[in-house]
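Below is one structure, written out as structure tokens; comments come after it.
The values are calculated or read from the model by the stated rules, or taken from the named source; none is laboratory data. Remember, it's a predicted structure, so these values are computed and weren't measured experimentally. A quick note on method: Cβ atoms are made from the backbone with ideal geometry, for glycine too, and the neighbour counts reach across all protein chains shown. These accessible areas exclude ligands, DNA and RNA; they are computed on the full protein's heavy atoms, side chains included. Shrake-Rupley method; radii C 1.70, N 1.55, O 1.52, S 1.80 Å.
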Amino acid sequence: MNTGLADVHLCWKLAGVLRGWAEPGLLETYERERHPVAHRTLRQAVANTKLMVHVLTRRRAQLANGASKSSETELPWAEWYFAQLGLVLGVTYRSPAVLTGNSTPPELSDGDTGYVPTAEPGHRMPHFWLTPDRSTLDAFGEWFTLLTPGPTHWTQHTDARWPLRIEPLPKEHADLCGINPQGALLIRPDGHIGARWQDHPSTDGTLRHALASITCSAPS
């Protein structure tokens, strides 16, 4: 139960193979991405359970020693302990379906519950406002999404073989995403960043090659 919910977002791999825009090799990246996350989630679930058992044991001892039911029990965790956004939103995928380049961000360690939004490849794309009432998270769906402050510079790089939508990214978010005004982020259908270009590509086939690599397809 603790590891299965997020797997729904990886159904895009199966959909891509069935619809013909991805090769079966993409399915082999499923375990490589999700296995470490599942193990880390289970370890944290066990740690949480041990803390809960510790509290219940202490409470029983208090009551057995005559403490009133209205007395408080000191909790061995902070108020935010079970709100583990770092585990829910901060996981990093590493597989052939993620083009990291020279980016090697550190993995979160067990017990690290903080979440720091980042646009590093492999991470879940953070929320930024595209318009006053539309978030980057609203732009994702059953397609790849290219977020860029310079959409006109990328239109010529598209390929009809893959479902792709180009979304303008406000220039004020470019620095936070680690790109220049003509750079771009390629977001997979599950909301994770598949590739990042700091600037406009030097060749016309850059985007097509990235989509082919992520979907384990032969480049054109």
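Solvent exposure of region 124-220, expressed per residue, is 45 Å² of accessible area, with all protein chains present and a 1.4 angstrom probe.
Extending 7 Å from the Cα toward the beta-carbon at both Leu42 and Leu89 defines two label points whose distance is 2.7 nm.
Report note on the peptides 10-22, 44-56, 155-167: ranked by the mean count of other C-beta atoms within 10 Å, highest first, their order is 10-22, 155-167, 44-56.
With the alpha-carbon atoms of the chain aligned to their principal axes, the span from lowest to highest coordinate is 76, 39, 31 Å, starting with the largest.
Using only side-chain charges placed at the Cβ, +1 for Lys and Arg and -1 for Asp and Glu, the dipole size of region 111-220 relative to its Cα centre rounds to 220 debye. Here the gap between Val55 and Ala218, fully extended at 0.36 nm per residue and compared with their Cα-Cα distance, gives a gain of 53.1 nm.
One chain, two ends: Glu28 and Thr203. Fully extended at 0.36 nm per residue, the span grows by 60.1 nm beyond their Cα-Cα distance.
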